[in-house]
Amino acid sequence: MADIRRTVREWAAEHADPSTRYLVAVSGGGDSLALAWAFAQEAPGLGISIGAVVVDHQLQEGSNQRAHDAAGTIAGWGLAPVIIKQVEVGTAGGPEDAARTARYEAFSEAMKETGAGGVLLAHTKDDQAETVLLGMTRGSGPSGLKGMPESDGAFHRPLLGISRDTLRQALSDAGVDWWDDPHNTDERFTRSRVRNRVMKVLEDELGPGVSDALARTAALFRQDSEALDVLAAREYDAQVDSTEPGVRSVPVSQLLEHDPAISSRMIRSMVSAVGGAPPTFAHMKQVETLLWRWNGQSSLDLSGATLERLEGLIVVRSAENRPAKGTRRGL
């Protein structure tokens, strides 16, 4: 109980803005209820305004009643306002991604409705470990291995250093009941299999502390990755031409002077700047060929953008600014 309350105080001291209202994102499960409970205990002394948004995904029978029960419990602790958002979960990207998309849309709506400036999410050290492990298996590189950030715009994760078991123990000590979502043990979902099978095997075979080690890995990767991001952004600002709408260009010679860790970040930023989706690993291997093994290749079609080598430049264009067929390309 003391650990979670201390963690909340430390997060507030470092990150909270007294003029901002925050909403705890609640599902009714143990993690989010523990976060709401801890802020209910600490908020008066911290001088910050804390409410809650309870999200009903409408995926299981009785979800509406559980949402109202959770909202009543939280309101009884003194958090205000407490609102319930029902969401319609689509199918794009699979059930897990679709539910996440719907949930974050509900968070954004709740902030607008309440005037809140931030949402507090109950992701734990165990969630972070699972995220890193999933990133490793997907080959997502630093973007996956650095895990979830403690703060990401309006979204904050104060509990990334706390284990799931610690939260459950705090609720038990406080006499608070919680709901265990059966989806968390449903092996149709990848994260559920990682949580309930893969992590258990790793702990059994490698010994305790796997979650701690993976969470530390995320922190170290994030530190290094953010430093490289800053360097790449500096070079991008100095070298990339953005004068033409929907087009970004940079001299090939400039990119070749940089380590691939920098040049690849610059190219990814160029693609994003014209409205393209983040290039895949396969896309970036093709870009490397344009840079290092140039022999007159045609332009590359990316998701929402094109990239070509033209007269000594790497040129990235939005889909609306695709180069005309037959355009001469050269060194």
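Return the percentage of antiparallel bridges among DSSP beta bridges fully within the chain, rounded to the nearest 5 %.
50
Could you tell me which of the pairs Lys85/Lys112; Lys125/Lys200; Lys112/Lys146 are separated by over 21 angstrom between their Cα atoms in the structure shown?
Lys112/Lys146
How do 179-186, 303-310 rank on mean C-beta neighbours within 10 Å, highest first?
303-310, 179-186
For the stretch 240-321, what mean projected area does the convex hull of the alpha carbons give, in nm²?
Taking a quarter of the hull surface, the average projection is 4.7 nm².
Using only DSSP helix segments of four residues or longer, with each worth -39500 (n - 2.57), what per-residue ellipticity at 222 nm results for the chain after dividing by its residue count and rounding to 500?
Taken over the chain, the calculation gives -16000 deg cm²/dmol.
When you count, for each residue, the other Cβ atoms within 10 Å and take the mean per peptide, how do 35-41, 24-30 rank with the highest first?
35-41, 24-30
Please check which bits of the stretch 121-143 a label hung off Asp173 would reach, taking the label as a point 7 Å along Cα-to-C-beta and the cut-off as backbone N under 19 Å.
Answer for the stretch 121-143: 124-126.
Return the long-range amide H neighbours of Gln86 (sequence gap of 5 or more, or a different chain), with a cut-off of under 5 Å between placed amide H atoms.
Asp56
Pulled fully out, how much extra length does the chain show between Ser242 and Gln60, if you take 0.36 nm times their separation in residues and subtract their Cα-Cα distance?
Residue separation times 0.36 nm, minus the Cα-Cα distance, leaves 60.6 nm.
By how many nm would the segment from Ser303 to Gln86 lengthen if fully extended, with 0.36 nm per residue of separation less the alpha-carbon distance?
Extra length from Ser303 to Gln86 when fully extended: 74.9 nm.
Report the extension gain between Val201 and Thr280 in nm, rounded to one decimal, defined as 0.36 nm multiplied by the number of residues separating them, less their alpha carbon distance.
Working it through step by step, the gained length comes to 25.4 nm.
Taking the alpha-carbon centroid of each part, what is the distance from the stretch 209-268 to the stretch 58-97 in angstrom?
Going from one Cα centre to the other spans 38 Å.
Read the figures in this text as sums done on the coordinates, not as results from a lab. On a predicted model such as this, the values are computed, not experimentally measured, just so you know. Cβ sites come from the backbone with ideal geometry, for glycine too, and all protein chains shown count toward neighbours.
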